[in-house]
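Here's the structure, in structure tokens; my notes come after.
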Amino acid sequence: MSSFSHLWPWIGLGFAAGVLAGLLFGELRGDRTVPRSRDMVWLAWAATAAYLLHQFEEHGIDAEGQPYAFHAMMCETFGFADAAACPVPKAFITAVNIPLVWLAGPISALLGRRWPAVALSFFGVVSVNAVAHIGPALANGSYNPGLVTSILLFLPLSLRALWIALRRPDLGVPAVAATVLAGILIHAVLMLSLKAYLAGWIGEPVLIAIQIVNPAIPMLLLAALTLRRSARV
């Protein structure tokens with residue numbers, strides 16, 4: 001897993017190029033009666049491409065030229081200054097990122113053709129992650145791995161998607177609130193499970209399993225909201 005933990009961000013960079021090509025020239029659309037920038041499916045695919053680029057800044061080479069820099073930053077956050085001796089498994093980072101973006105991103109966009117709220121759900125992760133990078137950077141006055149893509153990609157895409165959702169009668173405030181809540185929940189599960197692992201309460205297989213199923217939270221929450229509103233109608 002150690003070698004793959006350094007390889008997958010580069011594979012993701014190739015995926016990002018493919019998704020970007022699809023956004024510009026392909027069929028990655030949902031509602032063709034509106035411009036791309038108002039199509040929730042197109043926005044979800046755009047967020048997927050943005051997140052793949054964001055992953056490369058975090059786990060490939062960051063804006064300061066440091067390789068696999070996010071692991072060291074996370075270790076320092078938990079009080080382990082020496083990344084080489086840090087008990088945070090690299091398999092944990094891999095297990096977080098691949099299901100969260102490579103799977104949940106495309107699945108949200110594809111299901112969004114029928115249920116736009118599910119496409120919106122992916123922005124819970126994107127928007128909260130942007131805050132998680134930009135907030136500490138403002139507080140500390142320093143760069144962190146992932147900050148550049150958070151500012152240039154995550155922030156404008158999230159604001160656009162949430163604004164479009166607020167103006168749609170089939171989404172509106174309930175869907176936007178559920179999206180943000182889902183983003184907070186998924187990050188809370190991630191951090192709490194890692195703390196439980198570091199405290200010795202759970203083993204690495206359980207830690208990894210939690211990260212694999214965690215990305216389903218936003219999709220399930222928004223799908224439940226959609227079904228509830230449909231039942232009322």
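Structure data summary
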quantity: Of all accessible heavy-atom area on the chain, the percent that carbon and sulfur account for (1.4 Å); calculated: 70 percent
quantity: The chain, relative contact order in percent, only Cα pairs under 8 angstrom and at least six apart counted; calculated: 22 percent
quantity: Kyte-Doolittle at least 0.0, axis length at least 30 Å by Cα - qualifying DSSP helices, the chain; calculated: 2-25, 116-140, 172-198
quantity: Around PRO87: net Lys/Arg minus Asp/Glu count, Cβ-Cβ under 15 Å; calculated: -1
quantity: Percent RCO, i.e. relative contact order, over region 49-136, from Cα pairs under 8 Å lying at least 6 residues apart; calculated: 16 percent
quantity: Convex hull per residue volume in Å³, alpha carbons only, for region 45-158; calculated: 96 Å³
quantity: Highest to lowest packing among 133-141, 185-193, 46-54, 90-98, scored as the average C-beta count within 10 Å; calculated: 46-54, 90-98, 185-193, 133-141
quantity: C-alpha center-to-center spacing [region 73-124, region 161-233] in angstrom; calculated: 12 Å
quantity: Helix-derived mean residue ellipticity, 222 nm - over the chain, DSSP H n ≥ 4, -39500 (n - 2.57), to 500; calculated: -22000 deg cm²/dmol
quantity: Å² of accessible area per residue within the chain, as computed with a 1.4 Å probe and no ligands counted; calculated: 48 Å²
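The values are calculated or read from the model by the stated rules, or taken from the named source; none is laboratory data. Model, not experiment: these values are computed from the prediction. Note that each Cβ is placed from the backbone with ideal geometry, even for glycine, and that neighbours are counted across all protein chains shown. Quick note on the areas: whole protein, heavy atoms, side chains included, nothing else; ligands and nucleic acids left out. Shrake-Rupley method; radii C 1.70, N 1.55, O 1.52, S 1.80 Å.
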